[in-house]
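Single-structure report; data block below.
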Amino acid sequence: MSYSTAQQILRDTFGYSSFRGAQQAIVEHVVNGGDALVLMPTGGGKSLCYQIPAMLRDGVGIVVSPLIALMQDQVEALKQLGVPAAFLNSSLEAEEAREVSRRLMRGELKLLYVAPERLMTEGFLNQVEHLQQENRIALFAIDEAHCVSQWGHDFRPEYRALTVLHERFPGVPRIALTATADAPTRREIVERLALDRATQFVSSFDRPNIRYRVALKDNVRRQLQSFLEAEHPDDAGIVYCLSRKKVEETAAWLKEQGWDALPYHAGLDAATRSANQKRFLREEGIIMVATVAFGMGIDKPNVRFVAHLDLPKSMEGYYQETGRAGRDGLPADAWMAYGLGDVVSMRQMLMSGDAPDERKRVELQKLDALLGFCESTACRHQSLLRYFGEEHPGDCGQCDNCLTPVDTWDATKAAQMALSCVYRTGQRFGVVHLIDVLLGKPTPKVDQFNHQQLSTFGIGKDLEQTQWSSVYRQLVAAGFINVDMEGYGGLKLTEAARPVLRGEQEVWLRRDAEPARRKTSKAERGSRLREAFAGANDDPLWQALKAKRTELARDQGVPPYVIFHDTTLLEILNRKPQTLDEMARVSGIGQAKLAKYGDAFLQVVEDAANGV
């Protein structure tokens, strides 16, 4: 393959001057007919890894995608670039689907996105077989490949059947792509999709533009409000909640406070979900309050924050959900508030499900890993990467633990008291009751069980209730105590507690910071983003460029980022091009977009220079 050909497509079609990371190697490998497994973080440019090979090879690239919204976004973006593309899924009317099939058979498409259910129909497979007989299939791309893993957080049974691609079309290169896969999931993708001969391209999982922060719950609505006011007063973002009820209540409350917030969960009717998702994608500054039903495949690049009001199920889930922020590479925030109650709720939910015991054990291990991440005093980026088997070179300077290092204290004596209280009360009571015993509170429940007679009654008066709550939370995270689901959330000692009780092991815990109470001044709000945008938010030209983008997007019925990403607008703002040749040198502007929009944006720059 001639690398200049791929380079030419990258520049002329997509508007980029060079490949990033492993993109070039992946493109060359697939163009030459090789199978590939690609692990690349969200925003890392996975799509180019199959789009460019499909354009360079003879025939059409068939892309398997699990989400209708993602297919529509990808196809619309390709059309903007002048690439003939289409999708086949249940959103199409029968005649529309037939027309796409006719275009496919006439050889008019370079990329076709299909749902796995549609791909597996015998009729479609027969069409593919006919095309392959004429060597008109360029490649198969399997997006969101982690959906094949039964242990994963997005398991889709229909993905298991995709081995048919290898069985019926062994000569066609396959590329499987995902942004989220630990080592066991990776092995399962290889096994289930028969990719044992595929070359694996594993990019760094690090998302250096995301600032990770974990806060202890202390009136979580007020905490969320403070976070939004201080740092994201006008930004698009996602707020994740565990239950549908909490989604509805939080969205309604945010609206009452003046935020443009919408709910999204599987219990809403399809029309409402679709309308809310469309508004989030096509308008600026919308906050989507959602369960995990929302998110996978959302291509909006300028999501500036992801907030979790409840603990996710696993590190994979947390990584993928937070990865929806900052896809454009500009600064973004991942903010989470949690407490021990979250751990109890999540464990109860996992244990009460219908999954086999083996899967429950795996899910509990994943939850424990996330809990350890929350309580860690180490760099958040390091902790995340270590989970995925990758080392981080040093402190990131972009997480709460690095920016404001956590104090630790010798909690050995307190841990012994806490563990002893669990043991002496029979290992069947929750945190509230145990703290009452330690503080010597003569509550009805303490009296009922005669716990005021225990040696641990009242021995913990040197610490306050919030401090004991922190001790128990961290002892659970460190594995000294388990939450007993069969005992209605009671705490039980593990083997790891034995050396602590015997005085053979020290215990050091993090000292929880006092929750911030002050209001953030208006001048401080969004300061981090303002710094990144180099004063863009205060520049009339920036507002004019965004307004023009919105106008063009509305005229075509597409999301604004399909016209240009924020990073492209930012470069126009800073370069202030005066000719089409100068505009062509802006990253993200290929020939098709230059012809469509170049003059319009040059006019905006000229008007701003003339004070119009």
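Bear in mind that the values in this text are calculations on the coordinates, not laboratory data. Keep in mind that this is a model prediction, so the values were computed, not measured. We place every Cβ from the backbone using ideal geometry, glycine too, and count neighbours over all the protein chains shown.
Side notes on the structure shown:
- Measuring nothing but how far apart in sequence close Cα pairs (under 8 Å, 6+ apart) lie, relative to its length, segment 283-345 scores a relative contact order of 37 percent.
- Projecting the Cα positions of Leu385, Gly557, Leu70 onto the charge dipole of the chain (unit charges on Cβ atoms of Lys, Arg, Asp and Glu, taken about the Cα centre) puts Leu385 furthest along the positive direction.
- Secondary-structure-derived ellipticity at 222 nm for the chain, considering helices only, amounts to -13500 deg cm²/dmol, per-run term -39500 (n - 2.57) for DSSP H runs with n ≥ 4.
- Pairwise Cα inverse-distance average, inverted: Kirkwood Rh of segment 3-202 (Å): 16.8
- Rel. contact order, % - alpha carbon contacts under 8 angstrom, at least six apart, the chain: 14
- For Val239, the residues whose amide H sits under 5 Å from its own are Met288, Val289, Ala290, Ala307, ignoring neighbours fewer than 5 places away on the same chain, with H placed 1.01 Å from N.
- Max-minus-min Cα coordinates of segment 408-510 on each principal axis give 34, 32, 23 Å, with the largest extent listed first.
- For Trp508, residues with placed amide H under 5 Å, excluding near neighbours: Ala411
- Per-residue Cβ neighbour counts within 10 Å put Glu391, Glu248 in the sequence Glu391, Glu248, beginning with the fewest.
- Rounded to the nearest whole Hz, the Karplus-based 3J(HN,Hα) values (6.51 cos²θ - 1.76 cosθ + 1.60, θ = phi - 60°) of segment 236-246 follow the sequence 7, x, 10, 10, 9, 10, 6, 10, 4, 4, 5, with x at glycine and proline.
- Student exercise, the chain dipole from Lys, Arg, Asp, Glu Cβ charges, in Debye to nearest 20: 540
- The separation of segment 581-612 from segment 420-495, counted between C-alpha centres, amounts to 66 Å.
- Annotation for Arg575 and Gln543: the two label points, set 7 Å from Cα along the Cα-Cβ direction, are 2.6 nm apart.
- For segment 343-471, Kirkwood radius (reciprocal of mean inverse C-alpha pair distance, Å): 17.5
- For segment 210-403, a simple Cβ point-charge model (Lys and Arg +1, Asp and Glu -1, everything else neutral) yields a dipole of about 360 debye relative to the Cα centre.
- In summary, the aspartates and glutamates within cross-link reach of Lys360, defined as a Cα separation below 16 angstrom excluding same-chain residues under 8 places away, comprise Asp154, Glu316, Asp368, Asp484, Glu486.
- By the rule of a C-alpha distance below 15 Å, with chain neighbours fewer than 8 residues away ignored, the aspartates and glutamates paired with Lys255 are Glu229, Asp234, Asp235.
- Estimated translational D of the chain in µm²/s (Stokes, Kirkwood radius over Cα pairs; 20 °C; 1.002 mPa s): 81
- The 3J(HN,Hα) values that the Karplus relation (6.51, -1.76, 1.60; θ = phi - 60°) gives for segment 54-60 are, in residue order, 4, 6, 8, 8, 5, x, 10 Hz. Gly and Pro appear as x.
- Zero-based 5 Å bins, Cα pair distances in segment 533-609, whole percents: 3, 17, 30, 29, 16, 4, 0
- When each of Lys217/Lys313; Lys278/Lys546; Lys366/Lys492; Lys576/Lys596; Lys245/Lys441 is checked by Cα-Cα distance, pairs over 29 Å: Lys245/Lys441
- Coupling constants for segment 134-145 follow from the phi torsions by the Karplus curve (6.51 cos²θ - 1.76 cosθ + 1.60, θ = phi - 60°), and in residue order they are 9, 6, 10, 10, 6, 5, 10, 10, 10, 7, 6, 4 Hz; glycine and proline get x.
- Average Cα contact separation per residue, segment 29-88, under 8 Å, 6 or more apart, as relative contact order %: 20
- In terms of surrounding Cβ atoms within a 10 Å radius of their Cβ, Val431, Val75, Val30 rank from fewest to most as Val75, Val431, Val30.
- Sorted largest first, the spans of the alpha carbon positions of segment 253-376 along the three principal axes are 44, 34, 28 Å.
- Each peptide among 6-17, 598-609 gets the average number of other Cβ atoms lying within 10 Å of its residues, and from highest to lowest they stand as 6-17, 598-609.
- Taking other C-beta atoms within 10 angstrom as a stand-in for reagent exposure, Trp335, Trp542, Trp409 fall in the order Trp409, Trp542, Trp335, fewest first.
- Dipole magnitude of segment 286-345, debye to nearest 20 (Cβ charges: Lys/Arg +1, Asp/Glu -1, about Cα centre): 120
- Between segment 249-325 and segment 386-400, the alpha-carbon centres lie 27 Å apart.
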